[in-house]
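For reference, the structure is listed below as structure tokens.
The values are calculated or read from the model by the stated rules, or taken from the named source; none is laboratory data. All of these numbers come straight from a predicted model, not from anything done at the bench. Cβ atoms come from the backbone with ideal geometry, glycine included; neighbour counts cover every protein chain shown. Ligands, DNA and RNA are stripped out before the accessible areas are found, and what is left, the full protein with its side chains, is counted by its heavy atoms. Shrake-Rupley method; radii C 1.70, N 1.55, O 1.52, S 1.80 Å.
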Amino acid sequence: MGESVRDMLFVVVLFAANVIQAITGFAGTVLAMPFSMLLLGTDTAKVVLNITTLLVCLWLGVQHRAHIRWRILGEMVGLMAIGMVAGVALYAALPLAPLQKAYGVFIIVIALKNLIWPAHAEPPHWLLIIIVLLAGVIHGMFISGGALLVIYAAVRLKDKNEFRATMACVWVALNSVLTVQQGVAGVITPHALALTAVSIPPLIVAIIIGNKLQKRVSQQAFLKLTYVLLVISGASIVL
């Protein structure tokens, strides 16, 4: 398969994943990453998906800024940052493969539990803080702490519009840091930048479609979709 064909297939995958991203404010990267790695290779896929997710979430955050819960956003980004420092330190000291698989299984179990037996009482605040700190640790180790963060956000952000707008801003902050890291590491290649530029028109269409679909989704259906996407996220980590 030629490079141009692989690039076109990637744009199709990116479009479909970002329709979901525009509806929920998360999961676009998780859904696109397995196919993107096969089509582009790991380094290029991570660079393009990181930059495109940053652009999509920046759009969503600005467009829906009236729904951002700034205090909760500050809590999430601040606690995630603290956890990420610990995660980077632990990266070289712990056996990563079994920990990553255990994390994926944990996410699947929590998501299925909330799908089948939804909780009616909110967990204590101290437990929610621990969840976000752990999300930061996992993100520092595997760059995949978002699934655990979504568990926290689903509890704190009851309104689907607040959930989407606030989560989008979290990814803007985290992906900006990751973009700087990728630039310093020298993995942002001309091909990755060209593919990012080509992807922008389909991304705009994906956002427009996602925005329209989001208005049609009820709060209950939105929450169920969130946990289904978490199951997929956990499975992608395990596999």
Out of (1) at pLDDT below 85; (2) within 17 Å of the chain's Cα centre (by Cα); (3) open to solvent by 70 Å² or more (accessible area, probe 1.4 Å); (4) closer than 30 Å to HIS125 by Cα, the one TYR91 does not meet is (2)
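Identify the residue in the stretch 113-150 that is of a type in the set (Phe, Trp, Tyr) and open to solvent by 60 Å² or more (accessible area, probe 1.4 Å) and, among all such residues, is modelled with the lowest pLDDT. Break it down into steps so the answer makes sense when it comes.
Of all residues in the stretch 113-150, those of a type in the set (Phe, Trp, Tyr) come to 117, 126, 142.
In the following step, the residues that additionally are open to solvent by 60 Å² or more (accessible area, probe 1.4 Å) were identified as 117, 126.
On the way: TRP117: 82, TRP126: 91.
So the residue we want is TRP117.
Looking only at the stretch 220-235, decide whether some residue is open to solvent by 30 Å² or more (accessible area, probe 1.4 Å) and within 22 Å of PHE10 (Cα to Cα). Full working, then the answer.
As a first pass, look at the stretch 220-235 and keep what is open to solvent by 30 Å² or more (accessible area, probe 1.4 Å): 220-221, 223-225, 228, 231-232, 235.
Right, trim to within 22 Å of PHE10 (Cα to Cα) and you get 232, 235.
Looking through the stretch 220-235, at least one residue is open to solvent by 30 Å² or more (accessible area, probe 1.4 Å) and within 22 Å of PHE10 (Cα to Cα).
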Of the candidates GLY183, GLY140, the one satisfying the condition of being more than 22 Å from PHE35 (Cβ to Cβ), part of a helix (DSSP H, G or I) and without any contact (Cβ under 8 Å) to a residue 40 or more places away in the chain is GLY183
Given the conditions (1) in a loop (DSSP other than H, G, I, E, B); (2) in contact with a Gly (Cβ under 7 Å, 6 or more places away or on another chain), every one holds for LEU94 apart from (2)
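Quick check: is even one residue across the stretch 44-59 open to solvent by 50 Å² or more (accessible area, probe 1.4 Å), modelled with pLDDT under 90 and within 17 Å of the chain's Cα centre (by Cα)? Before you say what the answer is, go through the steps one by one.
Pass one, the stretch 44-59, residues open to solvent by 50 Å² or more (accessible area, probe 1.4 Å): 46, 55, 58-59.
Now narrow it down to the ones that are modelled with pLDDT under 90: 46.
Going one step further and asking which of them are within 17 Å of the chain's Cα centre (by Cα), we end up with 46.
Yes, some residue in the stretch 44-59 is open to solvent by 50 Å² or more (accessible area, probe 1.4 Å), modelled with pLDDT under 90 and within 17 Å of the chain's Cα centre (by Cα).
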The residue that is surrounded by the most Cβ atoms within 10 Å (Cβ to Cβ), considering only those in the stretch 1-43 that are of a type in the set (Gly, Ala, Ser) and assigned to a helix (DSSP H, G or I), is GLY28
**OP:** Determine whether MET80 is touching a His at 6+ places or on another chain (Cβ under 7 Å) and surrounded by 23 or more Cβ atoms within 10 Å (Cβ to Cβ).
**Re:** yes
Picking from LEU115, LEU128, the residue that is in a helix (DSSP H, G or I), free of Cβ contacts under 8 Å to residues at least 40 places away in the same chain, touching a Lys or Arg at 6+ places or on another chain (Cβ under 9 Å) and of a type in the set (A, V, I, L, M, F, W, C) would be LEU128
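Could you check, for the stretch 100-112, whether at least one of its residues is more than 19 Å from LEU230 (Cβ to Cβ) and either of a type in the set (D, E, K, R) or surrounded by fewer than 21 Cβ atoms within 10 Å (Cβ to Cβ) (or both)? I'd like the intermediate steps shown before the answer.
First pass over the stretch 100-112, keeping only residues more than 19 Å from LEU230 (Cβ to Cβ): none.
No: the stretch 100-112 contains no residue that is more than 19 Å from LEU230 (Cβ to Cβ) and either of a type in the set (D, E, K, R) or surrounded by fewer than 21 Cβ atoms within 10 Å (Cβ to Cβ) (or both).
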**Request:** Tell me, yes or no, whether the stretch 63-81 has at least one residue that is under 22 Å from ALA197 (Cβ atoms) and assigned to a helix (DSSP H, G or I).
**Result:** yes
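Residue under question is SER218, and the condition is that it be within 16 Å of the chain's Cα centre (by Cα), of a type in the set (Ser, Thr, Tyr) and at pLDDT below 95; does it hold? So that I can check it myself, show each step before the final result.
Working: within 16 Å of the chain's Cα centre (by Cα): no; of a type in the set (Ser, Thr, Tyr): yes; at pLDDT below 95: yes.
Against the criterion (within 16 Å of the chain's Cα centre (by Cα), of a type in the set (Ser, Thr, Tyr) and at pLDDT below 95), SER218 does not qualify.
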